[in-house]
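The values are calculated or read from the model by the stated rules, or taken from the named source; none is laboratory data. These numbers were taken from a predicted model, which means no experiment stands behind them. Note that we place each Cβ from the backbone using ideal geometry, even for glycine, and neighbour counts take in every protein chain shown.
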Amino acid sequence: MRERPLLERVYWFVIKAFLWLFFGSFVYVIALKYVPVLVTPLIVSRWVDTFGTDESSQVYKKWRPYDKISKEAALAVVSSEDQAFPQHWGFDFDEIQDAIKENQTRKRARGASTISQQVAKNVFLWNGHSYLRKGLEVYFTALIELIWGKKRILEVYLNIAEMGPMTFGVEAASQRYYGHSSVSLSRDEAARIAAVLPNPRLFSIKKPSNYIQRRTRQIARQMRYLGGQKYIRNL
């Protein structure tokens, strides 16, 4: 008899905590639809990783509105990372099925995350692999697709994606490696930025390897194949 009130209190505490987290996350997502995303868990993690090492702790990051970023950069990341981005609702199920089949024979697992999923993970969640984190990724992906829309999702991606050591966003990468603003990126420059995205800490924009040069040419061809900037004009 004495345990029942305690169990009830625990039950209602859990319910209230869940509701606070649910509505809090909803309000936070709405707020980030309108204000720049200046810090993400990944940026903090990379900065912390520099402690006690010879690496510079300086973070290169500069927010730029979508309209002040070359559409070649937007097209390049869509061509490279998620060609179905304008059509899907956050998840590319065909790509997921293909990845599952390929991973049965591959030594290194192939991912199938969309740009929307990458934004949800980098803005709201921590690094790591767990069912909890994956479930939250699905939740936040659906939420930003519903509330933000495609243009805002791509804008945030172009401003927070890691594009080099301690370098986040296409504006910072453009200024650091090309010496000019992202608004004037050429197709080849944008394609090379997109080419390093699978592993921007290993691959270099400034000193591209033969692999990155080949991948740059492949992405530039895909950009032409998709029809150029008109492919993303109506996001």
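To keep it simple, each residue is scored yes or no on (1) assigned by TED's automatic domain parsing to the domain that holds G227; (2) touching a Pro at 6+ places or on another chain (Cβ under 6 Å); (3) in contact (Cβ under 8 Å) with a residue 40 or more places away in the chain.
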| residue | (1), (2), (3) |
| --- | --- |
| W20 | no, no, no |
| F23 | no, no, no |
| V27 | no, no, no |
| V48 | yes, no, no |
| G52 | yes, no, no |
| V59 | yes, no, yes |
| Q83 | yes, no, yes |
Q.
Return the residues of segment 157-181 that are small (G, A, S), more than 16 Å from the chain's Cα centre (by Cα) and not in a helix (DSSP H, G or I); say none if nothing qualifies.
A. G179, S181
Q) Only one residue in V14, V29, V44 is exposed (fewer than 11 other Cβ atoms within 10 Å of the Cβ) and either among the β-branched types (V, I, T) or in contact with a strand residue (DSSP E or B) (Cβ under 6 Å, 6 or more places away or on another chain) (or both). Which one? A) V14
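Residues being of a type in the set (S, T, Y) and under 24 Å from R233 (Cα atoms): count how many of those fall in segment 147-202. Before the answer, list the steps.
Initial filter on segment 147-202 (of a type in the set (S, T, Y)): 157, 167, 174, 177-178, 181-182, 184, 186.
From the residues that got through so far, the ones that are under 24 Å from R233 (Cα atoms) too are 157, 174, 181-182, 184, 186.
Residues in segment 147-202 being of a type in the set (S, T, Y) and under 24 Å from R233 (Cα atoms): 6 in total.
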Q) Any idea which residue in segment 43-94 is farthest from L154 (Cα to Cα), counting only those that are of a type in the set (K, R) and assigned to a loop (DSSP other than H, G, I, E, B)? A) K62
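For segment 198-235: of the residues being under 19 Å from the mean Cα position of the chain (by Cα) and within 17 Å of Q83 (Cα to Cα), which is surrounded by the most Cβ atoms within 10 Å (Cβ to Cβ)?
I219
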Q: Select from segment 125-184 the residues that are in contact with a strand residue (DSSP E or B) (Cβ under 7 Å, 6 or more places away or on another chain) and at positive phi and write down the one among them that is surrounded by the fewest Cβ atoms within 10 Å (Cβ to Cβ).
A: M166
Q | Leading residue by the ranking (surrounded by the fewest Cβ atoms within 10 Å (Cβ to Cβ)) among those in segment 66-81 that are under 16 Å from the mean Cα position of the chain (by Cα) and of a type outside the set (A, V, I, L, M, F, W, C) | A | Y66
Q: Considering each residue of segment 182-232, count those that are outside any helix (DSSP H, G or I) and without any contact (Cβ under 8 Å) to a residue 24 or more places away in the chain, and give that number.
A: 8
Q | Test: A195 is in the same structural domain as S80 (by TED's automatic domain parsing), out of contact with any strand residue (DSSP E or B) (no Cβ under 6 Å at 6 or more places or on another chain) and either exposed (fewer than 15 other Cβ atoms within 10 Å of the Cβ) or not acidic (D, E) (or both) | A | yes
Q: Within segment 103-118, count every residue that is modelled with pLDDT under 65 and of a type outside the set (S, T, Y).
A: 8
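To keep it simple, each residue is scored yes or no on (1) among the hydroxyl-bearing types (S, T, Y); (2) under 20 Å from S45 (Cβ atoms); (3) at pLDDT 95 or above; (4) in contact with a Cys (Cβ under 6 Å, 6 or more places away or on another chain).
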{"site": "K134", "(1), (2), (3), (4)": "no, yes, no, no"}
{"site": "I147", "(1), (2), (3), (4)": "no, no, yes, no"}
{"site": "N159", "(1), (2), (3), (4)": "no, yes, yes, no"}
{"site": "M163", "(1), (2), (3), (4)": "no, yes, yes, no"}
{"site": "F168", "(1), (2), (3), (4)": "no, yes, yes, no"}
{"site": "I193", "(1), (2), (3), (4)": "no, no, yes, no"}
{"site": "K206", "(1), (2), (3), (4)": "no, no, no, no"}
{"site": "R217", "(1), (2), (3), (4)": "no, no, yes, no"}
{"site": "L235", "(1), (2), (3), (4)": "no, no, no, no"}
